[in-house]
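To start, the structure itself, in structure tokens.
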Amino acid sequence: MKALTFSSFGNSDVLEYIEIPNPQLKNDEILVEMKAIGLNFADVCKRKGNYHLKGNPPFIAGYEGAGIVVDANNHPGYKAGDRVAFADVPFANAELVAVNINHVLPLPEAISFETAASILLQGLTAHYLATDSHKTTKGETVLIHAVAGGVGQFLTQISKLLGANVIGLTSSSDKAKVAIEQGADHVFLYNEDWKSQVFKTIPNGVDVVYDSIGSTLMDSFEVTKECGQVVFFGMAGGDPEPVDPRMLMDTSKTLTGGDLWSYLNSKEERIKRTTQLFNWIIQGKITLSEPTSFKLSEGKLAHDYLESRKSTGKIILIP
């Protein structure tokens with residue numbers, strides 16, 4: 001099979017599209033022929049050597065995608081031709097992927113391979129943020145950092161679906177337009193005095209801030225109301241400052257950490273959460289921007305485009 005690989009760490013020049021042996025199935029795995037694969041910043045971090053990698057060189061990144069079962073490996077619940085997807089299976093940047101049966105997600109006919117590869121990681125992240133990390137209620141005001149990014153767009157739509165008002169933060173007027181199209185009520189730019197604008201909009205502060213930037217964590221607390229909450233789930237802008245527990249006590253504010261893998265902890269949880277996400281899409285309650293597609297053989301171009309920060313929708317790879 002062909003796969004997008006790298007044997008040393010560095011910029012996108014280290015990527016190689018080469019022929020490697022097909023996966024050898026373990027007893028609890030089925031073989032999936034990939035039709036669409038999601039590209040994420042974690043893949044860039046792995047290529048640069050900043051993430052733990054399984055196996056030995058040549059390394060294969062990628063964790064999410066969708067395709068067709070080609071070898072059910074005698075598992076009675078599956079047969080060749082079944083449409084499936086996954087959100088948390090390694091070595092996805094390849095024509096064939098061995099998928100643990102506990103990680104297999106049934107793919108409804110109404111959901112395309114491209115849609116599944118576009119929404120699973122980011123959509124499931126937005127889902128747990130709005131339903132577990134913070135239980136969104138009608139009438140609340142939420143603030144979303146990087147609102148035009150993949151998670152930000154889905155989190156905006158889910159928050160609106162659950163009855164919240166949404167304030168978004170982003171880096172450019174073009175990205176602000178994208179966030180407004182996704183349903184955000186107000187969008188402010190980072191290079192403006194956004195904290196003052198938040199307080200002009202909601203004088204007592206917001207109910208919850210979703211912070212994926214990290215370096216903005218203290219700013220997030222500043223615009224959160226007393227008894228409010230900050231959900232910290234990423235460090236795109238660097239490490240946060242240490243949080244003073246006295247500040248939390250004096251303001252009755254809550255800091256919550258968030259990581260998707262804490263919630264995708266069983267086959268039942270994966271299927272339950274994904275089913276709700278797919279149903280929202282089928283019912284038209286969540287819409288997706290058209291993904292930008294690259295051939296898997298064009299992986300270098302896809303990585304360069306992702307790192308350029310010019311994209312607002314999902315980037316997917318097509319074998």
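The values are calculated or read from the model by the stated rules, or taken from the named source; none is laboratory data. Since this is a predicted model, take the numbers as computed values, not measurements. Ideal geometry is used to build each Cβ from the backbone, glycine not excepted, and the neighbour counts take in all protein chains shown. Surface areas here come from the heavy atoms of the whole protein model, side chains and all, with no ligands, DNA or RNA. Shrake-Rupley method; radii C 1.70, N 1.55, O 1.52, S 1.80 Å.
Can you go through Lys160, Lys138, Lys177 and tell me which one is touching a residue at least 12 places away in the same chain (Cβ under 8 Å) and part of a helix (DSSP H, G or I)? Give the steps one after another, and end with the answer.
Details: Lys138 fails: part of a helix (DSSP H, G or I); Lys177 fails: touching a residue at least 12 places away in the same chain (Cβ under 8 Å).
Answer to the check: Lys160.
Can you go through Gly284, Gly313, Gly237 and tell me which one is in the same structural domain as Asp88 (by the TED database), of a type outside the set (Asp, Glu) and touching a Gly at 6+ places or on another chain (Cβ under 9 Å)? Write out each step before concluding.
On the way: Gly284 fails: touching a Gly at 6+ places or on another chain (Cβ under 9 Å); Gly237 fails: in the same structural domain as Asp88 (by the TED database).
That would be Gly313, the only listed residue that is in the same structural domain as Asp88 (by the TED database), of a type outside the set (Asp, Glu) and touching a Gly at 6+ places or on another chain (Cβ under 9 Å).
Only one of these conditions is not met by Tyr210: (1) without any contact (Cβ under 8 Å) to a residue 60 or more places away in the chain; (2) under 20 Å from Leu129 (Cβ atoms). Which number is it?
Result: Tyr210 fails condition (1) only.
Within region 87-100, is there a residue that is touching a residue at least 40 places away in the same chain (Cβ under 8 Å), closer than 21 Å to Arg273 by Cα, among the polar types (S, T, N, Q) and in contact with a helix residue (DSSP H, G or I) (Cβ under 7 Å, 6 or more places away or on another chain)?
No, that holds for no residue.
Would you check if Ala179 is over 28 Å from Ile271 (Cα atoms), among the small types (Gly, Ala, Ser), surrounded by 24 or more Cβ atoms within 10 Å (Cβ to Cβ) and not assigned by the TED database to the domain that holds Val104? Explain how you work it out, then say what you get.
Details: over 28 Å from Ile271 (Cα atoms): yes; among the small types (Gly, Ala, Ser): yes; surrounded by 24 or more Cβ atoms within 10 Å (Cβ to Cβ): yes; not assigned by the TED database to the domain that holds Val104: yes.
Yes; evaluated as a whole, the condition is true for this residue.
Count, please, the residues in region 85-120 that happen to be of a type in the set (A, V, I, L, M), within 19 Å of the chain's Cα centre (by Cα) and closer than 18 Å to Trp280 by Cα.
Our first condition is that a residue be of a type in the set (A, V, I, L, M); within region 85-120, this holds for 85, 87, 89, 92, 94, 96-99, 101, 104-105, 107, 110-111, 116-117, 119-120.
Checking the rest, the ones that are also within 19 Å of the chain's Cα centre (by Cα) come to 85, 87, 89, 92, 104-105, 107, 111, 116-117, 119-120.
Right, trim to closer than 18 Å to Trp280 by Cα and you get 85, 87, 105, 107, 111, 116-117, 119-120.
Counting residues in region 85-120 that are of a type in the set (A, V, I, L, M), within 19 Å of the chain's Cα centre (by Cα) and closer than 18 Å to Trp280 by Cα gives 9.
For region 180-205, how many residues meet the condition of being on the phi < 0 side of the Ramachandran plot and in a loop (DSSP other than H, G, I, E, B)?
The number of residues fulfilling the criteria is 10.
Is it true that Leu39 is at pLDDT 95 or above, closer than 20 Å to Ser293 by Cα and either in contact with a Gly (Cβ under 7 Å, 6 or more places away or on another chain) or of a type in the set (Asp, Glu) (or both)?
no
Just for helices (runs of 4 or more DSSP H) wholly inside region 206-319: which have at least 2 residues that are buried (at least 20 other Cβ atoms within 10 Å of the Cβ) and at pLDDT 95 or above?
Fully inside region 206-319 and qualifying: 217-222, 267-282, 299-307.
Given the criterion under 30 Å from Asn11 (Cα atoms) and of a type in the set (A, V, I, L, M, F, W, C), identify the matching residue among Met235, Met218, Met247.
Exactly one residue qualifies, and that residue is Met235.
List, please: which pairs have Cβ atoms under 6 Å, are six or more places apart or on different chains, and start with a residue in region 240-269 that is in the same structural domain as Phe221 (by the TED database) and end with one that is charged (D, E, K, R) and open to solvent by 70 Å² or more (accessible area, probe 1.4 Å)?
Every condition considered, the pairs that remain are Thr251/Glu226; Ser252/Glu226.
Can you tell me which residues in region 70-86 are within 16 Å of Ile111 (Cβ to Cβ) and either touching a His at 6+ places or on another chain (Cβ under 7 Å) or without any contact (Cβ under 8 Å) to a residue 60 or more places away in the chain (or both)?
Within region 70-86, Asp82, Arg83, Val84, Phe86 qualify.
Taking region 217-231, which residues are farther than 13 Å from Met249 by Cα and touching a Ser or Thr at 6+ places or on another chain (Cβ under 7 Å)?
The answer is Val230, Val231.
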